[in-house]
Amino acid sequence: MIFVCGRELWLRASQQFLFFVDNGLKHPTFLLILVSPTIKMIISSVASWKDCGSSSNYPLCVMDLYHSKLRASSLKMEPFTVSYDQRSEFLKLSYLHSFQHSNVKVRHSLNPRTTPTRLHEPHALVISNEHPQNADFPRNYSRKEKKPFPVPIVELRRAARERLKKSKGQPKGRVPPPKKGLIVQSLLPLAYDVFNARITLINNLRKLLKVVPVHACGWCDEIHVGPEGHPFKSCKGKHATLRNGLHQWTNAAIEDVLVPVEAYHLYDRLGKRITHEERFSIPQIPAVMELCIQAGVHIPEYPTKRRRKPIIRIGKREFADADESDLPDLLEVPLKPLLIEISISEAVAPANEVEKTLLAEETLQAWEKMRKGAKRLMQMYRVRACGYCPEVHVGPSGHKAQNCGAHKHQQRNGQHGWQSAVLDDLIPPRYVWHVPDVVGLPLRRELRNFYGQAPAVVEICFQAGAAVPDQYKSTMRLDIGIPSSVKEAEMAI
């Protein structure tokens with residue numbers, strides 16, 4: 001309740017505290033009947049109050065009581081802080097009932113002092129996390145659209161102009177070893193680790209596929225990890241309209257989980273580009289293996305040229321090898337022992353749950369080790385990818401084989417649209433639906449928006465007992481409660 005009488009403004013709320021402001025004095029006087037140290041009262045608007053035929057304009061008054069400090073501010077005066085004695089007798093709760101039905105005013109001396117600080121400073125609370133919750137799924141590009149460049153063309157041109165501007169009048173910088181025909185010695189152990197991690201991943205997946213059920217559609221490239229295939233109508237294969245988009249599930253193989261991405265093996269990565277006529281005479285091997293070979297891994301079945309002296313540039317595209325006759329012969333010996341793939345018949349399934357969990361943890365570590373190592377190698381050894389099809393080439397520039405069969409390839413005469421590759425071009429993750437409870441109810445078509453997705457390798461290891469890495473939790477939607485019915489889902493939405 002607000003009481004106005006002449007120059008006096010009274011504010012009373014719930015009979016617990018009472019403020020009195022005398023605006024006519026040079027320094028405002030406060031009458032405090034009862035105040036709790038945790039109460040904060042703000043008079044947000046005071047209009048023209050009329051009393052006995054006269055009007056008085058009262059300014060905006062803000063009072064804030066916190067920890068034995070009473071702060072007051074006005075639009076016509078600077079903020080000041082008022083201190084009071086917390087042990088004063090009239091501030092005790094025993095005086096509350098004595099003042100309820102009384103017109104007695106008890107004045108308490110207050111000493112105002114000006115403070116340069118602001119009364120109410122805005123504080124923004126920002127909660128950040130490197131792995132946002134419920135992130136969107138990776139986009140599946142249509143066969144009719146081109147993949148975007150990792151760096152937009154506008155940014156590439158702007159960076160090129162900046163480099164040209166800074167290089168004027170400056171000596172040329174150092175050329176990285178791969179452009180001079182040499183290998184980076186510091187990345188040589190990493191190349192062996194990536195190669196062995198890939199072999200470990202393949203061998204362990206062949207063992208896990210015997211205890212973790214994985215299904216593959218017989219008409220499209222979609223797979224599902226779980227006791228039975230999912231019921232979603234997302235098939236885009238042959239005769240999909242006759243089946244209303246339903247999948248026909250079969251048993252999956254290792255090639256369904258790890259998408260085979262092959263590239264031409266180059267004897268000399270600085271040599272001439274592969275022509276269309278040479279496309280059948282040059283062997284193709286897994287792209288990750290080719291990247292490791294160019295980074296220094298020695299495999300006798302796939303020889304490659306190793307230079308020990310940098311090349312001599314003759315022109316922009318012409319070079320000559322340096323004379324290495326004065327150097328002693330060097331026998332190439334593997335820096336680390338290389339692992340060998342095992343066949344499906346040689347793969348032995350884990351005997352118990354403990355072995356299965358340990359195998360899943362080792363598989364997930366090999367997956368992360370291969371991806372992180374390959375990403376680091378790609379920063380030094382260039383990898384090219386076609387923007388229209390899944391073709392990948394490990395080398396400075398793409399090959400000239402006219403075998404692109406993507407949308408409108410006739411207009412390009414079958415040539416690829418080469419651009420810088422990203423990690424997912426070299427190692428596709430193959431996302432699958434995440435099953436929250438393997439032993440519980442199967443996935444329901446009506447609750448599709450509540451389910452998450454994860455790479456097939458991660459989902460297999462998760463169902464085998466491995467812990468989920470943090471970078472995959474955002475798309476798996478582990479923090480979302482799955483509704484038990486469609487009615488409950490509609491209420492949640």
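No value in this document is a laboratory result; all are computed from the given coordinates. Note that this is a predicted model, so its numbers are computed, not measured. With ideal geometry, Cβ positions are generated from the backbone for all residues, glycine too; neighbour counts draw on all protein chains shown.
Pop the C-beta distance of D221 and I344 into the FRET formula with R0 = 30 Å and round what comes out to the nearest 0.05.
Working from the Cβ atoms, E equals 0.90.
With a 10 Å radius around each residue's Cβ, average the other Cβ atoms per peptide and rank 379-391, 142-154, highest first.
379-391, 142-154
What whole-number distance in Å separates the alpha-carbon centres of the stretch 384-422 and the stretch 275-344?
23 Å
Within 10 Å of each residue's Cβ, count the other Cβ atoms and sort Y302, Y141, Y472 from fewest upward.
Taking fewest neighbouring Cβ atoms as first place, the list is Y141, Y302, Y472.
Just rank I427, I480, I254, fewest to most, by other beta-carbon atoms within 10 angstrom.
Ordered from fewest to most neighbouring Cβ atoms within 10 Å, I427, I480, I254 come out as I480, I254, I427.
What list of ³J(HN,Hα) values in whole Hz, one per residue of the stretch 482-488 in order, does the Karplus curve 6.51 cos²θ - 1.76 cosθ + 1.60 (θ = phi - 60°) give from phi, with Gly and Pro shown as x?
My calculation for the stretch 482-488 gives 7, x, 8, 8, 5, 5, 5 Hz in order.
Would you mind working out the magnitude of the charge dipole of the stretch 318-416 relative to its Cα centre, with +1 at each Lys and Arg C-beta and -1 at each Asp and Glu C-beta, to the nearest 20 Debye?
With only Lys, Arg, Asp and Glu charged at Cβ, the dipole is about 920 debye.
Determine, from the Cβ-Cβ distance of V468 and I282 and an R0 of 35 Å, the FRET efficiency 1/(1 + (r/R0)^6), rounded to the nearest 0.05.
Plugging the Cβ-Cβ distance into 1/(1 + (r/R0)^6) gives 0.30.
Which entries of K236/K400; K179/K375; K144/K372; K305/K336; K336/K372; K369/K400 show an alpha-carbon separation above 24 angstrom in the structure shown?
K236/K400; K144/K372; K369/K400
Could you name the aspartates and glutamates in cross-link range of K210, using Cα to Cα under 18 Å and dropping any fewer than eight places away on the same chain?
Within the straight-line cut-off, K210 pairs with E228, E255, D256, E341, E346, E353, E355, E361, E362, E459.
Along the charge dipole of the stretch 165-228, pointing to its positive end and built from +1/-1 on Cβ of Lys, Arg, Asp and Glu, which listed residue (Y192, V211, V225) has its Cα farthest out?
Y192
Net charge around R198, counting only other residues with Cβ within less than 15 Å of its Cβ (Lys, Arg = +1; Asp, Glu = -1)?
Net charge around R198: 0.
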